[in-house]
Amino acid sequence: MSTRKVDDLVQALGVGSGISKSEVSRICAELDDQVAAFRGRSLAASSYPYVFLDATYGKARVDHQVVSQAVVVAIGVRADGHREVLGVDVGDSENGAFWTAFLRSLKARGLSGVKLVIADAHLGLAQAVRTVLLGAGVQRCRVHFMRNVLAVVPKSNAEMVAALVRTIFAQPDAGAVREQLHTVADMLGRQFPQVQAMLEAAAEELLAFTAFPPGHWKKIWSTNPLERLNKEIKRRIDVVGVFPNPAALLRLAGAVLAEQHDPTPAPRVTGTFSAE
């Protein structure tokens, strides 16, 4: 899909574009088949040991009200280290039924071999993973978790707390990582009991990466691989402002991702992502 087509869609949906309704409809119809093909293509040719999920947000009209809608994107990393956009959907990212339906749609298209899903702690997501992707673990994004921690400590203490939490991820092996989490939790608990509780409650999902080869850790303990794509989607969304409905938001997000998608092999990610 060309950048020009996506830009045409953004311009057509923009407030005060001056483009007629019939022209908007023509542009949308032209893209719909391509977006549908992209979102429905088979995933059966490869296995994807690691799947990253993240959300960015846009506004759309629902029942005559403007509401926030999550644009959820899934990226898979194949065993040979190549990344690929697996899917996109729009809905309520704090709804377990939404996550279950989204993951089932990926599985129905042939998604297999998933060993770890990396995501923020969206409500219902972990249970959806365990229900749909049997045997897959859940890694809570350390970047999102750090933001949550820093939100409950005074700004004057933020740098110290962040530095201590980062030491958890600087350890050389799984045992040392787990030991350091408990050490840091105890240290911070004297002054910040809420942070201690957060660390202890999140420990299993925050340290799920330790079950995989140490050479992979930096690549699988956060959703950073999705950051560039989310920024590109958000840039296009912000130009439009408020979408007439969730389907229009999904159309644009799908078009942006289809524009970025290259069916030929992408540049190889450093190292192999085989989880064996």
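Throughout, read-outs are computed from the coordinates displayed, never taken from laboratory work. In this text, all values refer to a predicted model and were calculated from it rather than measured experimentally. Ideal geometry is used to build each Cβ from the backbone, glycine not excepted, and the neighbour counts take in all protein chains shown.
What to note about this one:
- Region 22-72 and region 220-263: distance between their alpha carbon centers, rounded to Å: 8 Å
- Compared with the dominant Cα axis of the chain, that is its longest principal axis, helix 21-40 is turned about 40°.
- Cβ-based charge dipole, the chain, positive-most Cα from Val62, Gln34, Ile75: Gln34
- Cross-link partners of Lys219 among lysines (Cα-Cα below 30 Å; sequence separation of 8 or more within a chain): Lys107, Lys115, Lys155, Lys231, Lys234
- At 0.692 mPa s and 37 °C, Stokes D of the chain from Kirkwood alpha-carbon radius, µm² per second: 163 µm²/s
- Between helix 193-206 and the chain there is an angle of about 70 degrees, using the helix long axis and the longest principal axis of the Cα atoms.
- Antiparallel content of DSSP bridges confined to the chain, in %, to 5: 70 percent
- Residue ranges 27-40, 75-88 sort as 75-88, 27-40 when ordered by packing (mean number of other C-beta atoms within 10 Å per residue, highest first).
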